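These notes are about the structure you will find just below.
Bear in mind these aren't lab numbers, they're just calculated from the coordinates by the rules spelled out. All of these numbers come straight from a predicted model, not from anything done at the bench. Cβ coordinates were reconstructed from backbone atoms using ideal geometry, including for glycine residues, and neighbour counts include every protein chain displayed.
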Amino acid sequence: MKTMKSLSIALALLLIFGITGNALSEEKQGDAIMQQSPASVEMTDGVIRKVDKSNSKITIKHGEIKNLDMPGMTMVFQVKHPDLLEKVQAGDKVKFRVEKSGSAFVVTDIQLDR
Ligand SMILES: [Cu+2]
């Protein structure tokens, strides 16, 4: 009878851990799905080549821009806010966000990548 009791305890424990394990893995799957869906535009790697404050333009040698399906190149972007140009200068390594607005590519965020 003692064996039966410990066996049921073992089964109960197995059941509890089994359920907990499942709940955890489902949560992880949920996270993975959240990351895949583009809630916000991805950051792109780049190096600042030129900052043109008077025209609110910036030249960036950028890596692949996934959200725009664009390969790496050096090009000029418009910036959404002139303030974005205050914290960067030529030669800075950055991560930036760029979105298509009509026929123009507009940088909406820049962060120094150090
Ligand atoms: Cu480009």
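Which of 65, 48 has the fewest other C-beta atoms within 10 Å, and how do the rest follow up to the most?
Numbers: 65 24, 48 20.
Placing the least packed residue first, the sequence is 48, 65.
How do 57, 66 line up, fewest other C-beta atoms within 10 Å first? Walk me through the numbers before you get to the answer.
Working: 57 15, 66 12.
Final ranking by Cβ density, sparse to dense: 66, 57.
Could you compute the net charge surrounding residue 80? Neighbours are other residues with a C-beta less than 11 Å from the C-beta of residue 80; K and R count +1, D and E count -1. Before the final figure, lay out the partial values.
On the way: positive: 97; negative: 83, 99, 109.
With Lys, Arg at +1 and Asp, Glu at -1, the neighbours total -2.
List 62, 81 from most exposed to least, where exposure is judged by having the fewest other Cβ atoms within 10 Å. Each step should come with its number before you reach the end.
On the way: 62 24, 81 11.
Going from sparsest to densest Cβ surroundings: 81, 62.
So for the pair residue 112, residue 53, with labels modelled 7 Å out along Cα→Cβ, what separation do we get in nm?
Label at residue 112, label at residue 53, 1.6 nm between them.
Per q in 0.26 Å⁻¹, report the Debye log10 I(q)/I(0) for segment 44-112, using one uniform scatterer on each alpha carbon and no solvent.
Listed by q, the Debye log ratios stand at -1.25.
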